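Some notes on the structure that comes next.
The values are calculated or read from the model by the stated rules, or taken from the named source; none is laboratory data. Here the structure is a predicted model, which means the values were calculated and not measured. FYI the Cβ positions are ideal-geometry reconstructions off the backbone, even for glycines, and counts take in every protein chain you see. Ligands, DNA and RNA are stripped out before the accessible areas are found, and what is left, the full protein with its side chains, is counted by its heavy atoms. Shrake-Rupley method; radii C 1.70, N 1.55, O 1.52, S 1.80 Å.
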Amino acid sequence: GVIHSFKCYYRQKLVKHIIAQCTLAQTADQISITVLDAIKWIDLSWKSVTENTIKNCFRAAGFICSSSTPSSSMTNMNIIIETDIESNNSDNPLQQLE
């Protein structure tokens, strides 16, 4: 969904550019798109994708967006990291691989 939204915004800018060039160009070879144009359109297209679009896509994919408990998720992350560090300090190479 996020990529689809981004592509729609990008194509919109591309088509508008081509239509604007068509009024001035006499042949198809005279219509040009520069790398700078494409980079600008990419930037503008990404900025056009809304936060709600991203949230809805993550929610549809099964991720739960809960901004009310960031401290608990950070605590869980710290516990996971500490557990990984402790297991990596063991002398058994097989445990380190796991």
Solvent exposure, largest accessible area first (probe 1.4 Å, DNA, RNA and ligands not counted), of Lys16, Lys55: Lys16, Lys55
For region 56-61, 3J(HN,Hα) per residue [Karplus equation, 6.51 cos²θ - 1.76 cosθ + 1.60, θ = phi - 60°, Hz, x = Gly/Pro]: 5, 5, 5, 5, 5, 7
Inter-label distance, nm, simple model (7 Å from Cα along the C-beta direction), Ala61/Ala38: 2.5
Column: log10 I(q)/I(0), Debye, Cα scatterers of region 2-61, q = 0.12, 0.15, 0.22, 0.29 Å⁻¹: -0.38, -0.53, -0.85, -1.13
Pairwise FRET efficiency - Gln30 versus Ile3, Cβ, R0 = 22 Å, nearest 0.05: 0.10
Mean Cα-pair separation over length for region 1-63, i.e. relative contact order, pairs under 8 Å, 6 or more apart, %: 55
Inter-label distance for His17 and Asn52, nm, one decimal - labels placed 7 Å from Cα along Cα-to-Cβ: 2.9
Accessible area, probe 1.4 Å, largest first, for residues Ile42, Ile64: Ile64, Ile42
